[in-house]
Amino acid sequence: MDDIAGRILRPETIPERTPVPAFDLVIFGAGGDLAMRKLFPALAQRSREGVLPGESRILCIVRKQEDVDGLPKQIAKRLKEEGLTPDHIHAFQQRLTIVLLDAVKPETYKALKTALGDDGRVRSFYLSTPPDLFIPICENLAAADILTPTSRVILEKPLGRDLASAREINDAVARILPEDRTYRIDHYLGKETVQNLLVLRFANTLFERSWTGRDIDHVQITVAETVGLESRAGYYDKAGQMRDMVQNHLMQLLTLFAIEPPNLLEAGAVRDEKIKVLKALRPIVGPDVERYTVRGQYGTGQIDGQRVRAYADELGHLSNTETFVAIRCELDNWRWAGVPIYLRTGKRMAQRYSEIVVTFKPVPHSIFGGGSCDKLYANRLLIRLQPNDGVQLQLMMKVPGSGRLKIVPRQLDLRYSTAFDERTPDAYERLLTDVIRGDQTLFMHRDEVEQAWRWVDPIIAGWQEYAPHPHRYAAGSWGPSQAIGLIEREGRSWADPDFE
């Protein structure tokens, strides 16, 4: 066993990075928050590792003349913060071409057409913009004859704000590009631990045989944030936590957790199974929103010893937009019938973490009496996505000693940081190179997006009628007390974030 572990963990056994074909990547919204925080650092890391061919280019779309000179300096500053060396930063900057263009003005696309030239390489267009620009950008690219037979478009979430607007975007893009060249991105699908869900289930007989309602008591999926509005006030107050997090991130985590085994690890097969999960979600409509959902909004409080303002104070006016959502849902299918699945996500919570907790059913009868243990705890599988990503399995264990038998819960613990020697790449590093390679496995089909909206829209509509005002919770807490009642009225409780 030690020899096997050694062979797995030695750096020389880990496959080298596989280079991608030569490409041109065009980033709309290159001066925005997402591009600066995630896209450029991810591309620079891939460039440093030798994954990106030397002739590949990154074309940055800006709207103002001052950005033509200012953007490279901003990017260099950001990459320095990421720890890249001056040589790596300089090499990455050689790939950059700044293009002045107004996304809604067709005549300005001539500059982009000229910059791209006619070299025949893969062209990918990343729309890191508000969703109301998706349609005009795609239409203008087509009108300017910029799209080639190998061109791809990457659409950032959120895709619309309801089913009708999502369909409008999908229909418009489909008139220009086929589905197999449309990449709807959700960066949670690029996280190592999320991808490991498929490996955990389908490469380990131990888990797949027990991954049913016969053995699992309930499931919790939590995505907790400590940040508030930051620079997203205008967008966020129109969206809220349901549209911003539940409709995409939590729905994707739920589908990957609950899917049936696909025939192959291939985009079409995986997507088909995910859509089946979304279709199996039991609708929550009308007055049921009061029983099965909780929406909240943070007030003043403390995080890390610092006082933080209430949502309304950060926003500058009163609002009924939710910053917290908890939902009890069920899947109506053979594997998961009767298993409660609890979703929880919020801003300004006590800690920042994302995890899936699977609680198995307790043993039917305990043979350990006479003070051996206070309680036999159910086995629990904890899949931590961030931070300290890894997997824990809680088991009941005997305390060493020759005296009275004593049993306590302990964890089998696997952390990415200690189990593997190489750096864990950011989600965008994987997803961006998957686009260039033409692999859609970790991207959403239009049917997934629309089916998620079909489930979410009635809940939002129900809130307007039956729960128009969100419950208040203190910043730095775990949400409103009603969220505790949502799970505790069934004899369960939210798992403590003890994966340190």
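Just to check I understand the Karplus step: with θ = phi - 60° and J = 6.51 cos²θ - 1.76 cosθ + 1.60, what whole-Hz values come out for the stretch 144-149, glycine and proline as x?
Computed from phi, the couplings for the stretch 144-149 are 7, 6, 8, 6, 10, x Hz.
Out of residues 5 or more away from I407 or on other chains, whose amide H comes under 5 Å of its own, with H placed 1.01 Å from N in the peptide plane?
C373, V399
Within the accessible area of the stretch 234-392, what % is carbon and sulfur when the probe is 1.4 Å and the other protein chains stay in place?
Reported share for carbon and sulfur atoms: 50 percent.
Among P41, T150, P131, flag the residue with its Cα farthest along the positive direction of the charge dipole of the stretch 33-181, charges on Cβ as +1 for Lys/Arg and -1 for Asp/Glu.
Result: P41, furthest along the dipole toward the positive end.
Give a residue-ordered list of calculated ³J(HN,Hα) values for the stretch 19-29 (Karplus: 6.51 cos²θ - 1.76 cosθ + 1.60, θ = phi - 60°; whole Hz; x for Gly, Pro).
Coupling constants for the stretch 19-29: x, 9, x, 4, 8, 10, 10, 9, 10, 7, x Hz.
Taking θ = phi - 60°, what integer Hz values does the Karplus form 6.51 cos²θ - 1.76 cosθ + 1.60 yield along the stretch 345-356, in sequence order, with x for Gly and Pro?
3J(HN,Hα) across the stretch 345-356, in whole Hz: 8, x, 9, 6, 9, 5, 9, 9, 6, 9, 7, 10.
Where a Cα-Cα gap under 22 Å defines reach, which lysines qualify for K276, not counting those fewer than 8 residues away within the same chain?
List returned: K157.
Using helices alone, what [θ] at 222 nm do you get for the chain, with -39,500 (n - 2.57) per DSSP H run of 4 or more residues, divided over all residues and rounded to the nearest 500?
-10000 deg cm²/dmol
Can you pick out the pairs among K73/K347; K73/K191; K38/K73 whose Cα atoms lie more than 26 Å from each other?
K73/K347; K73/K191
Would you mind working out the magnitude of the charge dipole of the chain relative to its Cα centre, with +1 at each Lys and Arg C-beta and -1 at each Asp and Glu C-beta, to the nearest 20 Debye?
820 debye
Could you tell me which of the pairs K77/K110; K64/K110; K375/K406 are separated by over 19 angstrom between their Cα atoms in the structure shown?
K77/K110
Leaving out ligands and nucleic acids, note down the accessible area per residue over the stretch 314-382 with a 1.4 angstrom probe, in whole Å².
44 Å²
Please sort 225-237, 479-491 by packing, taking for each peptide the average over its residues of neighbouring beta carbons within 10 angstrom, highest first.
Packing proxy ranking, top to bottom: 479-491, 225-237.
The values are calculated or read from the model by the stated rules, or taken from the named source; none is laboratory data. Given the structure is predicted, the values throughout are model-derived calculations rather than measurements. Don't worry about glycine lacking a Cβ; one is built from the backbone with ideal geometry, like all the others, and counts go over all protein chains shown. All accessible areas refer to the heavy atoms of the entire protein, side chains included, with ligands and DNA or RNA removed. Shrake-Rupley method; radii C 1.70, N 1.55, O 1.52, S 1.80 Å.
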